[in-house]
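Shown next, in C-alpha cells, is the structure this report addresses.
The values are calculated or read from the model by the stated rules, or taken from the named source; none is laboratory data. Treat the numbers as computed from the prediction; the structure is a model and nothing was measured. In this analysis, Cβ positions are derived from the backbone assuming ideal geometry, glycine residues included, and neighbour counts consider all displayed protein chains.
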Amino acid sequence: MTAAESGPAREDALHGAETEARHSGSARKLSEHPVPGGGVLLEVSDLRVTFALRGRTVHAVNGVSMSVSHGETLAVIGESGSGKTVTSRAIMGLLSPAARVSGSAVLLGSELIGLTEAQMRRHRGRDIAMIFQDPASSLNPTMRIGKQITEAIRMHLPLDHSEARARALELLDLVQVPSPRARFDDYPHQFSGGMRQRVMIAIALACSPRLLVADEATTALDVTTQAQIMDLLMDLQDELGMSMIMISHDMGLAATYADRVLVMYAGRVVEQAPTERLFAHVRMPYTKVLLDAVPRLERAPHSLFATIGGRPPDLTALPVGCSFAPRCPRVEDLCHAERPPLTEHESRHHWACFSPCPDERR
Ligand SMILES: Nc1ncnc2c1ncn2[C@@H]1O[C@H](COP(=O)(O)OP(=O)(O)OP(=O)(O)O)[C@@H](O)[C@H]1O
Ligand code: SF4
Ligand SMILES: [Mg+2]
C-alpha cells in the first residue's frame, strides 16, 4: 500500500458521521485483511438479465463481468435499482422464471447459468449461500429456530436427526448466539433483530459454503448491532476461509471491510479497484458523486447532506451512450453518442468513462 492510498480520501469515506458511530472500536483495518489467497473462485462474464414488464423490457443487468478470489471480500455498491441484487440472484439461480438470464458465472469450475433448479440446488448452500437484508421475512415465524437450522442442514448433508441437531448447536455457538441449547426451541419472535440475523448466518453457513453473498445483510439493524454482525462475518470468513460478496449502499462499510470495491450503475460495472486505491484515486464521476454524498461529521449541524442530483435511468429505455450522462457534471458530446467501455487503466483499477475525474492524489 502506498502512502497516497491510505490518505485522506479514504479517511473521508470512513469518517462519515454514521460510519464513525457504527465502527468505533470495532473496525478491522484494511491492512489486517488477508491478502486474497490467489486463484479465482467465481468468474462472471457478460451477465445479462431482463424482465418483461407490461409489454416493456426492463434491462436490469447489462453485461456484468467480475471475479471473486479465494478468501476475498468484494463490496458491490451503487444506488437503489443499479442491479446489485438481481446480479447476485442470477448467479444463485434465485430469480423468478420471468427473468431472462444470459452470460456466464463459473464457480469452482462449474457453470451456474442455465442450470435446472435441481442442478442448482447441489451448489446452493454447499458452494454458495446468501443472507438477505430482512431476517424477519426470511425465517419462518411458526417454526422453532433449532428446527429451521436442522432442516437447512439435512437438506444438504446426509445427517440423521441427532447429528443435525449437534451441528445446529455448533453453528449457533459459531455465530455467538448465547446459550444455544436454551434458545434452540425458541421461535423467531423471541429473538432480537441482531440475533435473528445471526440465525440467518448460521443457516447460510450450514454447509460451509465457499462463497457467501451478504445482500444488505446489516442494513435493517441499529449501528452497534451492525458493527457486531460485520465483525462476526469477518471473523467467520477468516476462520472458514470463505470468500464474500458484500452488497451495500454504504460506502463506509465498503471502505472498512472490503478488499476490493465494485461500483454498479444501471446494471453495469462502472468502476472497480482495490478498496484503498478506489477511495484514494476515484476516477469515475458517478463514484465521486456517491462518495461526496457520504455524510461527514465536520458539516455544520442541520446542514443538508449532498444528494445525487437527477434520477436513475429508465431501465426500459437506456440511452445509447453513457447511462450516467444526464446526471454527470463532466459530460461531453461523446458521452451521449457512445458507451464508454470498462477498461483497466491502472493496475487493477478499471473505470468506464471518457472524461474521468482528475486523480487528485497523484
Ligand atoms: N421481477 C422483476 N420484474 C421487473 N423488474 C425487476 C424485477 N426484479 C428487479 N427488477 C428491476 O431491476 C432493477 C435492479 O433491481 P435490483 O433489486 O437488483 O437493484 P439493487 O441495486 O439491488 O437496489 P437496492 O439497493 O434498492 O436493493 C430495478 O429497476 C428493479 O425494479
Ligand atoms: S462517460 Fe461521460 S457522462 Fe459518463 S461518467 Fe464519464 S464523463 Fe460522465
Ligand atoms: Mg438490492
Cβ pairs under 6 Å, 6+ apart or interchain, first in the stretch 155-176 and farther than 22 Å from Thr225 by Cβ, second surrounded by 14 or more Cβ atoms within 10 Å (Cβ to Cβ) and small (Gly, Ala, Ser), ordered by first then second residue, are His156/Gly125; Ala168/Gly146
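Looking at Ser208, Ser248, can you tell me which residue is closer than 23 Å to Glu276 by Cβ and either in contact (Cβ under 8 Å) with a residue 12 or more places away in the chain or hydroxyl-bearing (Ser, Thr, Tyr) (or both)? Outline the logic, then answer.
Working: Ser208 fails: closer than 23 Å to Glu276 by Cβ.
After ruling out the rest, the residue left standing is Ser248.
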In the stretch 159-184, residue farthest from the chain's Cα centre (by Cα) [restricted to those that are within 19 Å of Leu232 (Cβ to Cβ) and part of a loop (DSSP other than H, G, I, E, B)]:
Ser179
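For Arg121, state whether it is among the basic types (Lys, Arg) and in contact with a helix residue (DSSP H, G or I) (Cβ under 7 Å, 6 or more places away or on another chain). Quick ask: steps written out before the conclusion?
Numbers: among the basic types (Lys, Arg): yes; in contact with a helix residue (DSSP H, G or I) (Cβ under 7 Å, 6 or more places away or on another chain): no.
No: the conditions fail for Arg121.
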Let me spell it out: the conditions are (1) surrounded by 13 or more Cβ atoms within 10 Å (Cβ to Cβ); (2) modelled with pLDDT under 95; (3) polar (S, T, N, Q), and Ser303 meets all of them except one. Which number is the exception?
(1)
Is it the case that the stretch 142-155 has a residue that's modelled with pLDDT under 95, within 26 Å of Val68 (Cα to Cα) and assigned to a loop (DSSP other than H, G, I, E, B)?
no
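Every residue, every condition in (1) modelled with pLDDT under 95; (2) more than 9 Å from ligand 2 (Cβ to nearest atom); (3) buried (at least 20 other Cβ atoms within 10 Å of the Cβ), yes or no:
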{"residue": "Val282", "(1), (2), (3)": "no, yes, yes"}
{"residue": "Arg296", "(1), (2), (3)": "yes, yes, no"}
{"residue": "Ser323", "(1), (2), (3)": "no, no, yes"}
{"residue": "Arg330", "(1), (2), (3)": "no, no, no"}
{"residue": "His350", "(1), (2), (3)": "no, yes, yes"}
{"residue": "Phe354", "(1), (2), (3)": "no, no, no"}
Taking the stretch 337-348 and the residues there that are within 16 Å of Val269 (Cβ to Cβ) and not in a strand (DSSP E or B), the one that is farthest from ligand 2 (Cβ to nearest atom) would be Arg348
With respect to the numbered conditions (1) part of a loop (DSSP other than H, G, I, E, B); (2) away from ligand 3 (no atom under 16 Å from the Cβ), which one is the sole condition not fulfilled by Val101?
(1)
Test each condition in (1) free of Cβ contacts under 8 Å to residues at least 60 places away in the same chain; (2) aliphatic (A, V, I, L, M); (3) assigned to a loop (DSSP other than H, G, I, E, B) for Leu334 and report the one that comes out false.
(3)
Somewhere in the stretch 231-245, is a residue at pLDDT 95 or above, under 29 Å from Pro313 (Cα atoms) and in contact with a Leu (Cβ under 8 Å, 6 or more places away or on another chain)?
yes
Being assigned to a helix (DSSP H, G or I), farther than 14 Å from His70 by Cα and not hydrophobic (A, V, I, L, M, F, W, C) is the filter here, so list the residues in the stretch 214-253 that pass it.
Thr224, Thr225, Gln226, Gln228, Asp231, Asp235, Gly252
